[in-house]
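Q: Below you'll find the structure I mean.
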Amino acid sequence: MHNFTPLPALAGGLMIGTAAALMLLLKGRIAGISGIVFGLRQPTHGDSSWRALFVVGMMTAPILTIFYFGHLPEVTATVSDCALGLAGLLVGFGTRLGNGCTSGHGVCGLARRSTRSLIATLTFISTGALTVWVVRHRLGGNL
């Protein structure tokens with residue numbers, strides 16, 4: 001288990017939880033990424049500036065990481081670019097179908113004890129696990 005990094009994972013989880021709690025307390029909004037980004041596509045008066053700032057903040061994080069650490073963490077993908085593109089499209093479709101993503105349902109919704117979010121999160125996790133099993137064990141893992 002050479003990739004076991006409990007302290008950075010704990011720090012990241014605390015930051016995500018704190019940001020989600022502050023968003024709910026200060027703005028009365030759920031910090032669900034898909035909902036925030038989708039709201040930029042159909043802006044309403046006075047509702048787009050905080051959404052744009054949220055997205056800019058997410059895009060700025062890698063720049064700050066490079067500034068602070070000198071590099072980004074290494075990420076390797078063992079599947080084709082086509083498979084990654086297809087996966088991205090399926091995730092996008094799933095977030096619209098599920099009326100939210102793991103940040104909205106899994107972090108914010110579960111914290112609010114939302115039954116709908118519990119069902120959505122269990123569906124996300126089950127579908128992801130089933131997909132990994134099918135790809136690795138039935139399709140040979142070579143997409």
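Q: Pick out the one residue from Ala129, Ala52, Ala83 that is farther than 21 Å from Gly13 by Cα and either open to solvent by 70 Å² or more (accessible area, probe 1.4 Å) or touching a residue at least 60 places away in the same chain (Cβ under 8 Å) (or both).
A: Checking each option against the conditions leaves just Ala83.
Q: Could you identify the single residue in Thr78, Thr95 that is within 26 Å of Phe124 (Cβ to Cβ) and open to solvent by 100 Å² or more (accessible area, probe 1.4 Å)?
A: Thr78
Q: Let me ask something else. Note down all Cβ pairs under 8 Å where the first residue falls in region 1-16 and is closer than 24 Å to Gly109 by Cα, the second is surrounded by 10 or more Cβ atoms within 10 Å (Cβ to Cβ) and modelled with pLDDT under 90, and they're at least six residues apart or on different chains.
A: Once the first residue is closer than 24 Å to Gly109 by Cα and sits in region 1-16, its partners that are surrounded by 10 or more Cβ atoms within 10 Å (Cβ to Cβ) and modelled with pLDDT under 90 give Ile16/Ser103; Ile16/Val107.
The values are calculated or read from the model by the stated rules, or taken from the named source; none is laboratory data. A quick note: this is a predicted structure, and the numbers were derived from the prediction, not measured. Positions of Cβ are backbone-derived with ideal geometry, glycine not excepted, and every protein chain shown enters the neighbour counts. Heavy atoms of the whole protein, side chains included, go into the accessibility calculation; ligands, DNA and RNA do not. Shrake-Rupley method; radii C 1.70, N 1.55, O 1.52, S 1.80 Å.
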